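In what follows, a single structure is set out as structure tokens and then discussed.
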Amino acid sequence: MANKRKLMEGFHRATRDERLARLKEFCSLTDADVKVLSGETPLPAEIAEHLIENVVGYFPIPLGVATNFQIDGQDLLIPMAVEETSIIAAASATAKWVRTEGSIRTYSKGRLIIGQVQLPSVRNVAAARKILHEQRDLLIGLANACVPGLVNRGGGVRDIAVREIPRAEGDGTMLVLHVLCDPCDAMGANLINQVCEALKPRVEELTHERVGLCILSNLTDGKLAGAEVIVRNIDPVLGKGIVEATLFAKADPYRAATHNKGVMNGIDPILIATGNDWRATEAGIHAYVCRTGKYQPVTDWVMDGSDLVGRIEVPLAVGTVGGVTRVHPTALVALKMMGIEKAEDLARICAAVGLVQNLGALRALSTVGIVKGHMQLHAANLAIAAGAEIHEIPRVRERLNEVLRTEKQINLTRAKEILEAIRVAERSRAF
Ligand code: MEV
């Protein structure tokens, strides 16, 4: 444990080679794993060709590591693939604060994903409901016969429920069959879609009604992951500020959207790094936080005596087998970095990092604001966008940070002016 802490210390100040060496030791990686992470062994073109269509190349996103996380008592380095400056710095700094002053605990709830078989316009609702109810066991048996591999692994379809949904005013009723399936460690989209399509003819035969769409639902509210963060004896003003920020998000969807974006800053990069479908997760989480009819923040922060307590509970249907996860070499190493075998472990880590990321944003927003920290780190991007050569970046960045300290803002125009001034000075020195 102590050695692991040491490996995390000053990680951001280490060179890239040193970081990779520490990562190798911390996560017991092989030389081949390290080459995959560093990009020295790129994703083979033949694999890329099979992942998507009309491949012409790659769109590289930096892969970073968030440090200082101790989740359920375990020290972890978190792989995050993301293009936005300061997310990883904020996650690491906030995780350090929580590790020193409190704790992170996680859990998962439920294992079932949902497939929908829609009967769009049912003529005899009562009769269709009755027959589907009576034939529930037959349909479950048929469904499981489509996924023998999953059943062998201990998963499979567990239940079938019928929902009744009014169409537009006066336009009748649709029925929707919910096929509830335990996908084990897969995300399960392909499995459940196949099951739903396979059920279609039998459902039509049984009900004498037409089946419309057969597709999974991304609102996987039967498979949730949650986390709780406690910061003990927090400065009461800071604690109050964070609670107030949460109240703002509860009251105003305009704020809730940004609050939740900050949470997803922690979750999406892990999903990308592990080859998971982050669009599905985004859609599911945003739908879930609307379940009361009003768009709400994903997290809640309250004071409990002198402690700040934060909670998150969200649908996180992620996979550690199937899909891209076991095909993409970087995704495999990213899972190995966190010692993850089971999908629910990945989901719990995502929930925890999302909550910590949110805490970092709210801490900054309710005190100094995010501009200073973000723009300090963003200065290098501005230097590059202004046209700085690699060797010019540190000087432009340094000058931009001086300007930020005095003028409180920097932008691309300023970066271009600074670059030009540096080049003029260089030229005059050369004469
Ligand atoms: C920026 O990527 C995320 C924040 O806007 C989140 C928030 O406002 O809570 C800082």
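Taken together, the values in this text are just the output of simple stated rules run on the coordinates, not laboratory data. All values reported here derive from a predicted model rather than from experimental measurement. Note that each Cβ is placed from the backbone with ideal geometry, even for glycine, and that neighbours are counted across all protein chains shown.
Whole-Hz Karplus values for segment 214-228 come out as 10, 6, 5, 9, 7, 8, 8, 7, x, 8, 10, 10, x, 8, 10 Hz, taken residue by residue from phi with 6.51 cos²θ - 1.76 cosθ + 1.60 and θ = phi - 60°; glycine and proline positions read x.
Across segment 354-361, rounded Karplus estimates of 3J(HN,Hα) from the backbone phi angles (6.51 cos²θ - 1.76 cosθ + 1.60, θ = phi - 60°) give x, 5, 5, 4, 5, 4, x, 5 Hz, Gly and Pro being marked x.
Helical runs (DSSP H, four residues minimum) scored at -39500 (n - 2.57) apiece and divided by the length of the chain put the mean residue ellipticity at 222 nm at -16500 deg cm²/dmol.
Panel order for Cys146, Cys184, by other beta carbons found within 10 Å of each beta carbon, from fewest to most: Cys146, Cys184. Using only the alpha-carbon atoms, how far is helix 125-134 inclined from the longest principal axis of the chain? Give it as 0 to 90 degrees, nearest 10. The angle comes out near 90 degrees.
Taking the chain as a whole, the Cys residues whose C-beta sits 4.7 Å or farther from every other Cys C-beta are Cys27, Cys146, Cys181, Cys184, Cys290, Cys350. Measuring how big segment 372-430 is from its alpha-carbon positions, Rg and Dmax come out at 10.9, 36 Å.
Going from the residue with the fewest nearby Cβ atoms within 10 Å to the one with the most, Glu209, Glu392, Glu164 rank Glu164, Glu392, Glu209.
Around the amide H of Val65, modelled in the peptide plane, lie the amide H atoms of Met80, all under 5 Å away and 5 or more residues distant in sequence or on another chain.
Among Met187, Met174, Met338, a tally of other beta-carbon atoms within 10 Å of each Cβ gives an order, fewest to most, of Met174, Met338, Met187.
The lysines whose alpha-carbon is closer than 28 Å to the alpha-carbon of Lys6, local same-chain residues fewer than 8 away aside, are Lys24, Lys35, Lys96, Lys336, Lys342. For the chain, the convex hull drawn through the C-alpha positions has a volume of 195 cubic angstrom per residue. Listed values for segment 334-351 are Karplus-derived 3J(HN,Hα) couplings in whole Hz (6.51 cos²θ - 1.76 cosθ + 1.60, θ = phi - 60°), namely 4, 5, 5, 3, 9, x, 8, 10, 9, 4, 5, 5, 5, 4, 5, 5, 4, 4, and x replaces Gly and Pro.
Build a GNM of the chain with springs between Cα atoms under 10 Å apart, and of Lys96, Lys416, Lys342 the one that fluctuates most is Lys416. Among all the lysines, which ones have a C-alpha under 25 Å from Lys250's C-alpha, if same-chain residues fewer than 8 places away are not counted? Qualifying lysines at Cα under 25 Å: Lys109, Lys223, Lys240, Lys261, Lys294. Taking the chain as a Gaussian network, where each spring joins two C-alpha atoms under 10 Å apart, which residue of Ala256, Ala81, Ala21 fluctuates the most? The residue with the greatest mean-square fluctuation here is Ala21.
Which shape class applies to segment 2-119: rounded if a/c is under 1.5, otherwise prolate when a/b exceeds b/c and oblate if not, where a ≥ b ≥ c are the square roots of the Cα gyration tensor eigenvalues? Note, shape of segment 2-119 comes out oblate.
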